[in-house]
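Single-structure report; data block below.
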Amino acid sequence: MKKIRFPSIRKYDDWLLLAGGLALALLLRLLLRGYISGDAVTGSLGWYEIIERHNGAEVLAHNFSGYTPLYLYMLVLSYYLNQVIHVHPIFAIKLSSIIFDFFAAFWVYKIVQVKYPGKTVGFIAALVFLFIPTVFMNGAMWGQIDGIFT
């Protein structure tokens, strides 16, 4: 396997690159947390309110959404998490997508590492993934869940 060398990167610089990039990726997502899309108004926020009225998991006995059960389970988990962290419901809903963005970035790192052993190239690939507009806008801005299922 071909190893890409970055002569200016010292032993721990790749970890600093990763930490800085992850912090910026998280900051970007936090800045987008309050944006409410039309889909959120007509879908997920309404479903979240129904979950609130039924006190969580009890709502799963009712047919209140056309989405897959996995997403509805995540909405219920968001509701329970929000009982602890007390944030706006739209941010509680977006948290699943945001967490999965970082989970997917980890797997981008692992896949790239197969071709390019070492940390640096994998770290860069994972960070590039986190800053692709369709990735951060889909989950952190619009509150969509496409990235979770992809």
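Inside region 57-115, residues that are open to solvent by 30 Å² or more (accessible area, probe 1.4 Å) and in a loop (DSSP other than H, G, I, E, B) make up a count of 9. Starting from region 44-70, keep only residues that are more than 14 Å from GLN83 (Cβ to Cβ) and acidic (Asp, Glu), then list their pairs with residues that are at pLDDT 95 or above and assigned to a helix (DSSP H, G or I) whose Cβ atoms are within a distance under 8 Å, requiring at least 6 positions of separation or different chains. Pairs that qualify, where the first residue is more than 14 Å from GLN83 (Cβ to Cβ) and acidic (Asp, Glu) and the partner is at pLDDT 95 or above and assigned to a helix (DSSP H, G or I), are GLU49/PRO89. For region 132-150, the set of residues classified as open to solvent by less than 80 Å² (accessible area, probe 1.4 Å) and in a loop (DSSP other than H, G, I, E, B) consists of ILE132, GLY143, GLN144, ILE145, listed by residue number.
Could you list, in sequence order, the residues of region 27-45 that are closer than 18 Å to LEU95 by Cβ, open to solvent by less than 70 Å² (accessible area, probe 1.4 Å) and assigned to a helix (DSSP H, G or I)? Step through it out loud before you land on a result.
Narrowing region 27-45 to residues closer than 18 Å to LEU95 by Cβ: 27-37, 39-40, 43-45.
With open to solvent by less than 70 Å² (accessible area, probe 1.4 Å) added as a condition, the list becomes 28-30, 32, 34, 37, 40, 43-45.
Matches in region 27-45: LEU28, ARG29, LEU30, ALA40, GLY43, SER44, LEU45.
Checked against the criterion of being modelled with pLDDT under 90 and under 20 Å from LEU26 (Cα atoms), the candidates ILE90, ILE124, ILE148, ILE99 yield just one match: ILE148.
The values are calculated or read from the model by the stated rules, or taken from the named source; none is laboratory data. Every value quoted in this text rests on a predicted model; they were computed, and no experiment measured them. Cβ: placed from backbone, ideal geometry, glycine included. Neighbour counts: every protein chain shown. For the accessible areas, the whole protein counts, side chains as well, though only heavy atoms, and no ligand, DNA or RNA atoms are used. Shrake-Rupley method; radii C 1.70, N 1.55, O 1.52, S 1.80 Å.
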